[in-house]
Structure formats: C-alpha cells, structure tokens
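The values are calculated or read from the model by the stated rules, or taken from the named source; none is laboratory data. Computed from a predicted structure; not experimentally measured. Note that each Cβ is placed from the backbone with ideal geometry, even for glycine, and that neighbours are counted across all protein chains shown.
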Amino acid sequence: MDDPRFHYVLGIESSCDEMAAAVIRDGREIVASVVHSQVEVHRPYGGVVPELASRDHVRAVARVSEQALADSGLEASQLDGIAVTAGPGLVGSLLVGLSFGKAVAFQLGIPVVGVHHLVGHLMSAELSRPDLAPPYVGLVVSGGHTALYRIGRDGSTDVLGETRDDAVGEAFDKVAVLLGLGFPGGPAVSRAAESGDATAVDFPRPMLKRPGLDFSYSGLKTAVAIEVERRGGLAALSGSQVADVAASFEAAATDVLVLRARKALRQEKLAAVAVVGGVAANRRLREEMARVGQRDGFEVVFPPLDLCTDNAAMIAAAGARLLERGQRDGLDLNAFSRAPISSVASGAG
Ligand code: KG4
Ligand code: ZN
C-alpha cells in the first residue's frame, strides 16, 4: 500500500437489485462480504422494477452494512474509509447506498470515495488473484455492459471494444423470457442449456466477420425469437427443444466473447485476460475460455462466482486503491446513471 492509513475500508454497492456491503483489509483481503439479493421481489415481474428496487434498498442498507461490520469483528471506529458505488446503474438504487455511505463517513469523520461500478468489476480479478499484474485484457460481461479494456501498468483502462446495442447479460435475460425460463434469466438459460444440444441451431456469431473488437447482441436475441416462432411458438416447444435452443444461444453468445478476447490479446500483444461481471459466472464461458487459453497459450482469470455477480468487496477494493492515491469525494458526491470509466477516476490497475 502506498498509504498505510487505509487498513479497513467499508464498501457499499446498490447499483441494481443487490444491496451489498463488505470490509476489505489493506486493499486486498476480504474480511467480510454480505449480499442481499432482491430476486424474490422482482420475480413476479420477470425483471427488475426500479421503484421496488430502491424501496427494498432503503429497508436493507443499514442491516446489510451492520452485518458486514459485525462479520468483520471490527468496531465502526476502526474503519478508515468508505467506498460506495456512484454509478452507472439505476439512480434511485444508487442513491440509497450513496446517501448511507456519505452519512456514515460524515458521522465517523473518515473519507468517502465514489467508485465506478465497472472499475469495481475489473478489480474483482486482482482481488481474487493478487499476483495478476497489469498489463492485461479485461473483459466486462454484465447485465448492462459488454466491453474489452486494456488495463495498463499505470492503472489506465482503455476501451478496446464494446457492445453497439445490448449487453450479453441482457441478451441472456431476454432469451430467458422468450423461452419462458423465468427470472433471473442468465442462470436459468445456463441451467436449461445443460441438457441441450449446442449444435441444434446454428445461431449467428454477431460481428465476428467485422474488423475491430466491438460486440452486438440484439441480432442474436432476434434470431432466437425467430427460431421460437419457426418452431410454432413457445407453447409448442417441448422441454428438450427449449434446452436445445438455450444451449445453441449460449454457445453463440459465449463463442463471440472467447474469440473477441483472443483477438484483443493478439492485437495488444498481451498474454492474460480477466473476465469479470455477472456473465463471467457462466459455466460454458468459463470452460471455453479456459480451453482456448490453454490451447493458444494465454492465461485466463475468472474470479470465484461470488465475485462475478454484484458484490461490495470489489467496490471496497477499488475504493481502497483510490483512497490510497489521495482521491476523496465531498458530501456533494452524486449518483450517475451512465458514464464511461475514463471520465471517472479509475481505481483499476
Ligand atoms: O454484474 P451483474 O451481477 O450486474 C450488473 O452489473 O449488471 O450481472 C448481472 C447479469 C445478468 O444479466 C444475469 O443474467 C447475468 O449477469 N448472469 C449470467 C449468469 N449469472 C448471472 N449469465 C449467464 N450465465 C450465468 N450463469
Ligand atoms: Zn455489476
């Protein structure tokens, strides 16, 4: 650590439908991590309802933060700083964690720093693999984002490519609806795909024939909708047909990620890729990326599953790094719904 004053940082994350709090020691070691999921709140609606998300966050924020502190065995007075997700995400959700974090920092008289959610996701790689040193390629695959970054030695995060329309997690969620698999969609599609034949439908691998490193997932989602219609609609599909379509979609969606990551590594002459975000929990993606990495000689880093989906440990770790570098935010720190990483001070690297 550059600055040994930040032994214990409390992180708070509430950008979407998880309220999470965690305590990190010396920027690297997770001493407590609590995640309160709202899956049951949103399940009846088949997707996240922003108003319900913020209300549940209001109910959970103090309890989840107190739980993280209790699990850490620390007194609040031992905390050295607060890191809180400021965006991107649902503003109503973000504001709950942000206001709470600022209030706690004010009360304890310690600094608070806002963290970009994707910088947090990128940090989950180094958090789970402390020996991972930049430069490397970072692939963020979440519900809202699909992007490749060059993580530089100096902590820079240069965008190499990103989605032009839907994020890959969003495609998983929409395909889950098309196949009647329920909410949350990503894990449901993945589970259904396990018993399916991934070669049953030859779905397009979008953008692969194009130059550059961008992604596009809206065409693939439409191709799944057309395939369901071609087979007579969802009601006409047997369980094994649903499994085949799910497996074929999953193969197309994840193949693109593997091939784009490989292309980025070659272009940047780098030898390691870290795959982070909720979709990094996908089993097929983890297996395929590892297989191709072994075959083609690059290192593949996946955080453990609980650090792939939204959590506060990654926010605390990213925030600790910002605090060490002297970054501070005032109590006027506001939430933002969108902003590229580069426009916000970056804790990655
Ligand atoms: O990072 P995350 O928890 O929240 C955002 O920042 O968006 O990512 C959530 C996304 C959702 O779209 C969810 O369906 C997807 O990650 N996801 C998965 C899996 N687990 C979560 N997608 C595919 N396979 C999974 N096992
Ligand atoms: Zn996320």
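Are there any pairs, at least 6 apart or on different chains, whose C-beta atoms fall under 6 Å, with the first in region 99-112 and in the same structural domain as Ala62 (by TED's automatic domain parsing) and under 15 Å from Ala316 (Cα atoms) and the second modelled with pLDDT of 95 or more and surrounded by fewer than 17 Cβ atoms within 10 Å (Cβ to Cβ), and if so, which?
Pairs that qualify, where the first residue is in the same structural domain as Ala62 (by TED's automatic domain parsing) and under 15 Å from Ala316 (Cα atoms) and the partner is modelled with pLDDT of 95 or more and surrounded by fewer than 17 Cβ atoms within 10 Å (Cβ to Cβ), are Lys102/Leu331; Pro111/Arg328.
Take Ser77 and tell me if it is assigned by TED's automatic domain parsing to the domain that holds Leu331, of a type in the set (Ser, Thr, Tyr) and either farther than 22 Å from Leu305 by Cα or in contact with a Ser or Thr (Cβ under 8 Å, 6 or more places away or on another chain) (or both).
Answer is yes for this residue.
Looking only at region 117-175, count every residue that is within 16 Å of ligand 2 (Cβ to nearest atom), among the hydroxyl-bearing types (Ser, Thr, Tyr) and under 23 Å from Leu208 (Cβ atoms) and tell me the total. Reasoning before the result, please.
The initial filter retains those residues of region 117-175 that are within 16 Å of ligand 2 (Cβ to nearest atom), namely 117-125, 127-128, 138-147, 149, 157, 162-163, 166-173.
Narrowing the set further to residues that are among the hydroxyl-bearing types (Ser, Thr, Tyr) leaves 124, 128, 142, 146, 149, 157, 163.
Then drop every residue that is not under 23 Å from Leu208 (Cβ atoms), which leaves 142, 146, 149, 163.
Number satisfying all stated conditions: 4.
Restricting to region 11-48, what's the tally of residues that are buried (at least 20 other Cβ atoms within 10 Å of the Cβ) and acidic (Asp, Glu)?
3
Taking into account only those residues within region 286-313 that are under 19 Å from Pro88 (Cβ atoms) and in contact with an Asp or Glu (Cβ under 8 Å, 6 or more places away or on another chain), which is surrounded by the most Cβ atoms within 10 Å (Cβ to Cβ)?
My answer is Ala312.
Restricting to region 281-337, what's the tally of residues that are out of contact with any Pro (no Cβ under 7 Å at 6 or more places or on another chain) and part of a loop (DSSP other than H, G, I, E, B)?
Qualifying residue count for the region: 19.
If I ask for residues that are touching a His at 6+ places or on another chain (Cβ under 9 Å) and surrounded by fewer than 19 Cβ atoms within 10 Å (Cβ to Cβ), which ones from region 49-71 would you list?
Result: Val49, Leu52, Arg63, Gln67.
Filtering region 93-116 down to residues that are closer than 28 Å to Val275 by Cα and small (Gly, Ala, Ser), which residue is farthest from ligand 2 (Cβ to nearest atom)?
Per the stated criteria, the residue is Gly114.
Report every pair of residues separated by at least 6 positions or lying on different chains whose Cβ atoms are under 9 Å apart, first residue within region 230-256 and over 20 Å from Leu208 (Cβ atoms) and assigned by TED's automatic domain parsing to the domain that holds Phe203, second aromatic (Phe, Trp, Tyr) and surrounded by 15 or more Cβ atoms within 10 Å (Cβ to Cβ).
These pairs meet every condition: Val245/Phe203.
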